[in-house]
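Enquirer: Could you have a look at this structure, given as structure tokens, before my questions?
The values are calculated or read from the model by the stated rules, or taken from the named source; none is laboratory data. Predicted, not measured: the structure shown is a model, and the values here were computed from it. Every residue, glycine among them, receives a Cβ derived from its backbone with ideal geometry; neighbour counts consider all protein chains shown. For the accessible areas, the whole protein counts, side chains as well, though only heavy atoms, and no ligand, DNA or RNA atoms are used. Shrake-Rupley method; radii C 1.70, N 1.55, O 1.52, S 1.80 Å.
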4 protein chains.
Amino acid sequence: MSAPPRLDFTSDNVTGAAPQILAALAAANHGTVASYGADPLSAALAHRAGEVFERPVTILPVATGTAANALALSLLARPFEAVYCHQSAHVMTDECGAPEFYSGGAKLIGLPSPDGRLRPAALVEAVEFARSMGVHHVQPAAVTVSQASEWGTVYGLEELRQLTAAAHALGLRVHMDGARFANALVHLGCSAAAATWRAGVDVLSFGATKNGALAAEAVIVFDTALADELALRRKRGGHLWSKARFLSAQLLAYLDGDLWLRNARHANAMAQRLAQALTALPGIRLAQPVEANELFVAMPATVASALRAEGFQFYDWPPPAGVAGPVVRLVTSYDLGADAVDALAAAAGRVTA
Amino acid sequence: MSAPPRLDFTSDNVTGAAPQILAALAAANHGTVASYGADPLSAALAHRAGEVFERPVTILPVATGTAANALALSLLARPFEAVYCHQSAHVMTDECGAPEFYSGGAKLIGLPSPDGRLRPAALVEAVEFARSMGVHHVQPAAVTVSQASEWGTVYGLEELRQLTAAAHALGLRVHMDGARFANALVHLGCSAAAATWRAGVDVLSFGATKNGALAAEAVIVFDTALADELALRRKRGGHLWSKARFLSAQLLAYLDGDLWLRNARHANAMAQRLAQALTALPGIRLAQPVEANELFVAMPATVASALRAEGFQFYDWPPPAGVAGPVVRLVTSYDLGADAVDALAAAAGRVTA
Amino acid sequence: MSAPPRLDFTSDNVTGAAPQILAALAAANHGTVASYGADPLSAALAHRAGEVFERPVTILPVATGTAANALALSLLARPFEAVYCHQSAHVMTDECGAPEFYSGGAKLIGLPSPDGRLRPAALVEAVEFARSMGVHHVQPAAVTVSQASEWGTVYGLEELRQLTAAAHALGLRVHMDGARFANALVHLGCSAAAATWRAGVDVLSFGATKNGALAAEAVIVFDTALADELALRRKRGGHLWSKARFLSAQLLAYLDGDLWLRNARHANAMAQRLAQALTALPGIRLAQPVEANELFVAMPATVASALRAEGFQFYDWPPPAGVAGPVVRLVTSYDLGADAVDALAAAAGRVTA
Amino acid sequence: MSAPPRLDFTSDNVTGAAPQILAALAAANHGTVASYGADPLSAALAHRAGEVFERPVTILPVATGTAANALALSLLARPFEAVYCHQSAHVMTDECGAPEFYSGGAKLIGLPSPDGRLRPAALVEAVEFARSMGVHHVQPAAVTVSQASEWGTVYGLEELRQLTAAAHALGLRVHMDGARFANALVHLGCSAAAATWRAGVDVLSFGATKNGALAAEAVIVFDTALADELALRRKRGGHLWSKARFLSAQLLAYLDGDLWLRNARHANAMAQRLAQALTALPGIRLAQPVEANELFVAMPATVASALRAEGFQFYDWPPPAGVAGPVVRLVTSYDLGADAVDALAAAAGRVTA
């Protein structure tokens, strides 16, 4: 007898670990190996990452996305400097000031846009203002982009290149918060290299937890000269595991056989399936394009209530600029069954009928 | 055919995870649950910790001991304050300044002693000096004790109570770095409560990784009023797992059926077995009493070399005060076979003959 | 022969020190006295401040307004907490992240309004959002108001009480950036007590430099329990003068014979005189009400250029919301002659004719 | 009628300002000038400092020695790095953790010696230990020397060169805490350049307050590439005066006509005069050589008490290694009369007779 369809669409972090990840932990669990990252699996991961990104990289695994982002930004901005981000960015609103903590007090400056993606013009204006202020204002050092964005949208490659070119022309370095990098990548349909350093990204927070890992993310630095500093900052932050093989094993399994891409493709496909079903219904429309595995859906409050009464779980969300009325967020994931999507769609059909 | 005896005595963190811990991860891996610690296993852990410590406690799991220590100390010392520790303490020499980072720059002040354990008189003297300096010196806030200590010794209960009483009389709070707390506890043969808050400990770093967990430690605060601040600091440090069930599951399995105590008893017994065998040999003697799972052994350099030539691994260690000649550190662990101990002892017998 | 009228209207910090302040420095310069604030003048200042504010206060002098603000906020917000301010506040845009530095990374969150003064409703909304986010967001701790504001406006007493009441009801403490406190106070025409702690202010940055001191500000804390922490933070920030008498002497002279109020009344009167003259001219109007010693004046770019061609100095300013066209800032000061005001007015008359 | 001889030998910071310094403040106090260091006096100071040090330098004035030291060290050590100093250094024991604050948590590591001066061998050993620890230990970045030292001794030029050469060979940069730099310089009898950058000093805290300024020190950086960072850090620390002319005026007057050297010569001469008189008495001897303006004098407790009974003021001091019995510190200063020295000597003669 199969399990009933999942009712929980609150987030992709309510899921467990993919079976391949758990199996990799078990496989790594024999014998003694050198601690703190001097083990063979950690060496293998560094090599594998170089293959995936088609160049030597520094990759340092950590257990959380907040750690990855904060460590990454601490490499790019000194305490008296500024990091520009979208006003809705996770680093700005959801990490309890971790970037400020790790950077020693650098200032995040949020810029607006309707879709979660930064515009070069807004960046240029903000940087020019800061520079005009001299020592009285924190000075521009970096920009961070969320790919996919907090609104479930994905920077196009050309759009990304224009932004990073503007940043580099201003002397800023570029960080990408890739908590859902795999979902963005399969949407773009390009290589990991094309989506990152070839598009001007200097440092990447490479997410895996939302897409099937138990607890594994990584800071990936394309400038390997930063490796020593990153290693010291990771230790100082308490993010260097003594039994480091168990982080590396997760990430190796995540990359092995393109598990990461297969998982993300499935999550994105479920998002598309759900979007198509819902937008066919009266009174329901998308508040943002669906490009990864998140849907922001405008629906009458009565519809949301009726769905919750049937057991479905999801968050209300503040509407984006230009969208009237209540909005909810629905998140699909690597292990969400099509039955669950269809069940939600069917329920929505009933309650809007 | 069984595996050959282990040759690696470098540390207890070269081990993998105990099978019960891995099984608990697998058992926790089904269905969706609320993220960030709002899951049933995390609730169960809080309840279980209250039973183990015989009072309500705040327990916040993290993945590393450095994180636990640094978070704990950040609760006890403000940036302009001092934390007193043994000069050899892990927080002082092995955590890349994590306590300074998490506390915002509080100063660790190392005090000497021959055996890794702090003396009340040295603490009193240091505190009185600081207070005599007024605003010119960081002001005393806390003392941290390592139990077991960096020298493998264990504070006796009465010794600990005298130290914590002195600290409290001075207005300081007391942290215990319990990276090897289980090893100390089974040596003392008392309850967890007797070894901590009943002996004057305010905050405990509760270690599990060295004693069988994959990656799991916890900050345990006996003053539950500190819970909110600790939760915010953990998030800010990037140590709140989204899939928090996988930290809680490890710690629950660690406590279940007294796995932690059984593992520690075994490790300590192996240390005693090794100590007895080695000290029966000519030219080998203990540089410190063996009270937990670490041996500091004075032996001729030629003996150490000969053992390494046979494949055994262990670290040279700076001799403690009053001990002449080379010293090595040998660490036993929860999963070290008696065969390995006996093999090392036999080899030592051969090379000293 | 008298000096020609002053042409510099850029700021009140281009002035020198009032003669009474310099005389006080000379008078303080005899004999040896205890250093670091244990001198008689520092004791006298503490007593005098208690008289001025009609209650015991902790007053710690420092040399700059940035130091006063940053130290004050460090008392009110822990590193994982938020301070709400106007988006144009000096602490937000003009202090190079000093509040973040001194607080260990607390986050300033800017709120909009057209006139530089915070509205209770905006504060309530922002605090409620933060609290809804739990550990994922920095948690509300304090609000800071600039009195006079960055737009030269002054909170009315009832307006201020409503804001501080809202803040206190939310559990926040209230800081006032009083870089131009004297100018605001003489506008309000009430006592220093009525304008601060009786209106709900917990900590005041008490400015003197812009209004006649050489370099002297003070943090004034109405909760004297914070005195010890403030003293340690000041020393740690490098703001405790060894020859502290020379800070205290400035502030005593500033308060003596109501010099501070007389200076501020003059500066404000000059601002009014200038406002009346300019607004009588065609094409010139105020972009904000003139309530202290700053004027924000909308005028055609050609007028501004023509005035500069005659030697007058002043800054262009980004127009406030709802004001079209170019805006300039004109600042009067304690020592600005009426002849200078009249000369500028006359020039404006010529160039607009 | 002349004033009675001074009785206060506690410190050189109990003095007021030299008359030339006060006169310079008055002379600077006319007209409006650009604020925040864009004034002519600040430009003149930069030029003058270049002359004094015989090369282009970056000089940024601040009001306190703690600020100068902490800012200087923040340029040299990142948060995860170590600064080596003498265990008695002012930065270690007397600045309430300001270096840790400004550097974002870098660790000061104190090294012992009997005379307040660091030895190359001790530095090498400490650095090698840190490097052997890899990411587990803060990594070496800088060494700071106090010239004159906390024990009133002065590094010889060759001694200093050997130390800085060792530091540079290890990849460390060198800071000099010159709170009493002028006193050391006149003892050495060489140029300011010879005593600093030509001897391997990278950054200097240039003291003036103890030697006649009202409140003025400076960070002098010989590598002008650090100018931008220093200016931002100074502002962020709240140490950029709006009326910056009043800091620059003090330092210009301090350098003008070699006032600084004349003042220091006098203070040192008074120290020699006192040393000669005291050491001629039975039971009194020097605990350290007198090379600047501080005397550490071993004398029976009964003698110290008797002198205090006559009104003389000075501090007891912990005896240096190898000196038995009570030690007191006596400090001379730029404005101490020979009559005061002779009066103290005479009193000592009486009480030891």
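Enquirer: Quick check on the stretch D:219-235: of everything there that is at pLDDT 95 or above and either within 12 Å of another protein chain (Cβ to nearest Cβ) or in a helix (DSSP H, G or I) (or both), which residue is farthest from A:LYS107 (Cα to Cα)?
Expert: D:VAL219
Enquirer: Picking from A:ALA249, A:ALA216, which residue would you name as being within 30 Å of A:ASP316 (Cα to Cα), modelled with pLDDT of 95 or more and within 14 Å of chain B (Cβ to nearest Cβ)? Let's see the steps before the verdict.
Expert: Details: A:ALA249 fails: within 30 Å of A:ASP316 (Cα to Cα).
One residue alone meets the criteria, A:ALA216.
Enquirer: Suppose we filter A:ARG245, A:ARG285, A:ARG273 for residues that are closer than 26 Å to A:ILE21 by Cβ, out of contact with any Lys or Arg (no Cβ under 6 Å at 6 or more places or on another chain) and open to solvent by 60 Å² or more (accessible area, probe 1.4 Å); which single one remains?
Expert: On inspection, the qualifying residue turns out to be A:ARG273.
Enquirer: Let me ask something else about it. Grab the helices (runs of 4 or more DSSP H) fully contained in the stretch A:248-353, keeping just those with 2 or more residues being among the basic types (Lys, Arg).
Expert: Ranges flagged: A:259-279.
Enquirer: Please go through the stretch C:34-74 and give me each residue that is within 11 Å of chain D (Cβ to nearest Cβ), among the aliphatic types (A, V, I, L, M) and not in a helix (DSSP H, G or I), ordered by number.
Expert: Of everything in the stretch C:34-74, those that are within 11 Å of chain D (Cβ to nearest Cβ), among the aliphatic types (A, V, I, L, M) and not in a helix (DSSP H, G or I) turn out to be C:ALA34, C:ALA38, C:VAL62, C:ALA63.
Enquirer: Which of (1) touching a residue at least 60 places away in the same chain (Cβ under 8 Å); (2) closer than 29 Å to B:ALA24 by Cα; (3) under 23 Å from the mean Cα position of the chain (by Cα); (4) open to solvent by less than 30 Å² (accessible area, probe 1.4 Å) does A:SER35 not meet, given it meets every other one?
Expert: (3)
Enquirer: Further, regarding this structure: Please pick out the residue among D:GLY134, D:GLY104, D:GLY97 that is within 12 Å of another protein chain (Cβ to nearest Cβ), closer than 22 Å to B:HIS136 by Cβ and open to solvent by 20 Å² or more (accessible area, probe 1.4 Å).
Expert: Going through D:GLY134, D:GLY104, D:GLY97 in turn, just one is within 12 Å of another protein chain (Cβ to nearest Cβ), closer than 22 Å to B:HIS136 by Cβ and open to solvent by 20 Å² or more (accessible area, probe 1.4 Å): D:GLY104.
Enquirer: Going through the stretch B:107-124 one residue at a time, which ones are in a helix (DSSP H, G or I) and either at pLDDT below 95 or at the interface with another protein chain (Cβ under 7 Å from one of its Cβ atoms) (or both)?
Expert: None - no residue of the stretch B:107-124 is in a helix (DSSP H, G or I) and either at pLDDT below 95 or at the interface with another protein chain (Cβ under 7 Å from one of its Cβ atoms) (or both), so the list stays empty.
Per-residue answers, yes or no, for (1) assigned to a loop (DSSP other than H, G, I, E, B); (2) touching a Pro at 6+ places or on another chain (Cβ under 8 Å); (3) not aromatic (Phe, Trp, Tyr):
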| site | (1), (2), (3) |
| --- | --- |
| A:GLU128 | no, no, yes |
| A:VAL143 | no, no, yes |
| A:TYR155 | yes, no, no |
| A:MET176 | no, no, yes |
| A:VAL186 | no, no, yes |
| A:VAL201 | yes, no, yes |
| A:LEU204 | no, no, yes |
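Enquirer: Right, something else. Got a sec? Which of C:VAL341, C:VAL327, C:VAL331 is open to solvent by less than 60 Å² (accessible area, probe 1.4 Å) and under 19 Å from the mean Cα position of the chain (by Cα)? Even if it seems obvious, please write down each step before you answer.
Expert: Numbers: C:VAL341 fails: under 19 Å from the mean Cα position of the chain (by Cα); C:VAL327 fails: under 19 Å from the mean Cα position of the chain (by Cα).
On inspection, the qualifying residue turns out to be C:VAL331.
Enquirer: A follow-up question, please. Please tell me if A:GLY238 is without any contact (Cβ under 8 Å) to a residue 40 or more places away in the chain, at positive phi and either not hydrophobic (A, V, I, L, M, F, W, C) or not in a strand (DSSP E or B) (or both).
Expert: Working: without any contact (Cβ under 8 Å) to a residue 40 or more places away in the chain: yes; at positive phi: yes; either not hydrophobic (A, V, I, L, M, F, W, C) or not in a strand (DSSP E or B) (or both): yes.
Considered against the rule, which asks whether it is without any contact (Cβ under 8 Å) to a residue 40 or more places away in the chain, at positive phi and either not hydrophobic (A, V, I, L, M, F, W, C) or not in a strand (DSSP E or B) (or both), A:GLY238 comes out as yes.
Enquirer: Let me ask another. Mind checking which pairs have a first residue in the stretch B:83-106 that is closer than 21 Å to B:ARG233 by Cα and touching a residue at least 40 places away in the same chain (Cβ under 8 Å) and a second that is of a type outside the set (D, E, K, R) and open to solvent by 10 Å² or more (accessible area, probe 1.4 Å), Cβ under 6 Å, 6 or more apart or different chains?
Expert: Taking only residues 6 or more apart or on different chains, the pairs are B:VAL83/B:LEU108.
Enquirer: Being in contact with a strand residue (DSSP E or B) (Cβ under 9 Å, 6 or more places away or on another chain) and at pLDDT below 95: is that true of C:LEU274 here?
Expert: no
Enquirer: Open to solvent by 40 Å² or more (accessible area, probe 1.4 Å) and of a type in the set (Val, Ile, Thr) - does that describe any residue in the stretch D:121-129?
Expert: Looking through the stretch D:121-129, at least one residue is open to solvent by 40 Å² or more (accessible area, probe 1.4 Å) and of a type in the set (Val, Ile, Thr).
Enquirer: In the stretch C:185-210, what count of residues is obtained for those that are within 14 Å of another protein chain (Cβ to nearest Cβ) and open to solvent by 10 Å² or more (accessible area, probe 1.4 Å)?
Expert: Adding up the residues that qualify gives 1.
Enquirer: Restricted to the stretch A:1-30, and to residues that are at the interface with chain B (Cβ under 7 Å from one of its Cβ atoms) and open to solvent by 50 Å² or more (accessible area, probe 1.4 Å), which residue is nearest to B:PRO4 (Cα to Cα)?
Expert: Taking the candidates together, the pick is A:HIS30.
Enquirer: Among the residues of the stretch C:157-174, which ones are open to solvent by 10 Å² or more (accessible area, probe 1.4 Å), within 15 Å of C:ALA121 (Cβ to Cβ) and part of a helix (DSSP H, G or I)?
Expert: C:GLU159, C:GLN162, C:ALA165, C:ALA166, C:ALA169
Enquirer: Another question about this same structure. Which of the residues that make up the stretch B:73-107 are within 14 Å of B:ALA179 (Cβ to Cβ) and of a type in the set (Gly, Ala, Ser)?
Expert: Passing the criteria: B:SER88, B:ALA89, B:ALA98.
Enquirer: For the stretch B:82-93, state whether one or more residues are touching a helix residue (DSSP H, G or I) at 6+ places or on another chain (Cβ under 8 Å), facing chain A (nearest Cβ under 8 Å) and small (Gly, Ala, Ser).
Expert: No: zero hits.
Enquirer: Please tell me if D:ALA49 is open to solvent by less than 10 Å² (accessible area, probe 1.4 Å) and over 30 Å from C:SER42 (Cβ atoms).
Expert: So D:ALA49 passes the test.
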